[in-house]
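Novice: Shown below is the structure under consideration.
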Amino acid sequence: MSKQYPRVILSAEQIRKRVQEIARQISRDYSGRTLHVVGVMENGFMFMADLVRELDMPVVCQFVRGEFKDESPSTTEIFYSPEVEVAGKDVLLVEALIQSGLTSEFLLRNLTGRGASSVKLAVLLDKQASRRVSLQPDYFGFLLNDSFVVGYGLGDMHSGRNLPYIAAKS
């Protein structure tokens, strides 16, 4: 355990077991098909890596990274790159954490608009209390109430992302 982040919320073992459970469900749902997994960087990289290693099917991995531009106090534009090819494909969007749901909703609509056969959302942590749109993940690991967490790919730019567990940042 890190001295900097002593309050562990989810242990590495809890995360590992839940990722395996999610992967079993996804493998059942997509049995016999190739799944195109689109990971949202940076926070989603560890969750996606562990998840795809547990899937029992052919998997194609792609990544997107968001950029936000505040045009005015009431408008924020979301840009994602690179462009992903999903027409006619079964797509699983993977995020480590969903809060307001605005970014996830945008990406789900964007992937559907690109002609994907199906689009579902998998998240490790779901902060439902922060939701600003009506959106529920198809697969989720844990409900979360803490305001800011670090570990397992989550954190600020300087520290905490490498922790094998999830801790509250005080």
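Novice: Going through the stretch 132-170 one residue at a time, which ones are of a type in the set (Phe, Trp, Tyr) and touching a Gly at 6+ places or on another chain (Cβ under 6 Å)? Working first, answer last.
Specialist: Taking the stretch 132-170 as the starting set, the residues that turn out to be of a type in the set (Phe, Trp, Tyr) are 139-140, 142, 148, 152, 165.
If the condition is that a residue be of a type in the set (Phe, Trp, Tyr) and touching a Gly at 6+ places or on another chain (Cβ under 6 Å), then Tyr165 is the only one that fits.
Novice: Also, I was wondering about something else. Here are some residues: Ala87, Ala116, Ala96, Ala122. Which one is under 24 Å from Tyr5 (Cα atoms) and at pLDDT 90 or above? First the steps, then the outcome.
Specialist: On the way: Ala87 fails: under 24 Å from Tyr5 (Cα atoms); Ala116 fails: under 24 Å from Tyr5 (Cα atoms); Ala122 fails: under 24 Å from Tyr5 (Cα atoms).
Selected residue: Ala96, the only one of Ala87, Ala116, Ala96, Ala122 that is under 24 Å from Tyr5 (Cα atoms) and at pLDDT 90 or above.
Novice: Next question, about the same structure. Report, by residue number, each residue of the stretch 147-170 that is in a loop (DSSP other than H, G, I, E, B), at negative phi and not charged (D, E, K, R). It would help to see each step written out before you state the result.
Specialist: Filtering the stretch 147-170 for residues in a loop (DSSP other than H, G, I, E, B) gives 147-148, 152-153, 155-165, 169-170.
Retained after the next criterion (residues that are at negative phi): 147-148, 156-159, 161-165, 169-170.
Selection gives Ser147, Phe148, Met157, His158, Ser159, Asn162, Leu163, Pro164, Tyr165, Ser170.
Novice: Sticking with this structure for a sec: Output the residue which, of all residues in the stretch 91-146 that are charged (D, E, K, R) and part of a strand (DSSP E or B), is most open to solvent (accessible area, probe 1.4 Å).
Specialist: In the first step, residues of the stretch 91-146 are kept if they are charged (D, E, K, R); the result is 95, 105, 109, 114, 120, 126-127, 131-132, 138, 146.
With part of a strand (DSSP E or B) added as a condition, the list becomes 95, 120, 126.
Working: Glu95: 16, Lys120: 64, Asp126: 1 Å².
Applying the filter and picking the extreme gives Lys120.
Novice: Pairs, please: C-beta under 6 Å, at least 6 apart or cross-chain, first residue over 20 Å from Ser100 (Cβ atoms) and among the hydroxyl-bearing types (Ser, Thr, Tyr) and in the stretch 144-159, second open to solvent by less than 40 Å² (accessible area, probe 1.4 Å) and part of a strand (DSSP E or B)?
Specialist: Partner pairs satisfying both residue conditions: Tyr152/Ile166.
Novice: Where the second residue is surrounded by 13 or more Cβ atoms within 10 Å (Cβ to Cβ) and the first is at positive phi and lies in the stretch 31-42, which pairs have Cβ atoms under 9 Å and are six or more apart or on separate chains?
Specialist: Here the result reads Gly32/Met57, each pair linking the stretch 31-42 to a residue that is surrounded by 13 or more Cβ atoms within 10 Å (Cβ to Cβ).
Novice: Same structure, new question: Mind listing just one residue for me: the one in the stretch 5-35 that is open to solvent by less than 20 Å² (accessible area, probe 1.4 Å) and in a strand (DSSP E or B) and, of those, nearest to Gln99 (Cα to Cα)?
Specialist: Leu10
The values are calculated or read from the model by the stated rules, or taken from the named source; none is laboratory data. Everything numeric here is computed off the predicted structure, so don't read it as measured data. Cβ coordinates were reconstructed from backbone atoms using ideal geometry, including for glycine residues, and neighbour counts include every protein chain displayed. Remember, those area values only see protein heavy atoms, side chains included, never the ligands or the DNA or RNA. Shrake-Rupley method; radii C 1.70, N 1.55, O 1.52, S 1.80 Å.
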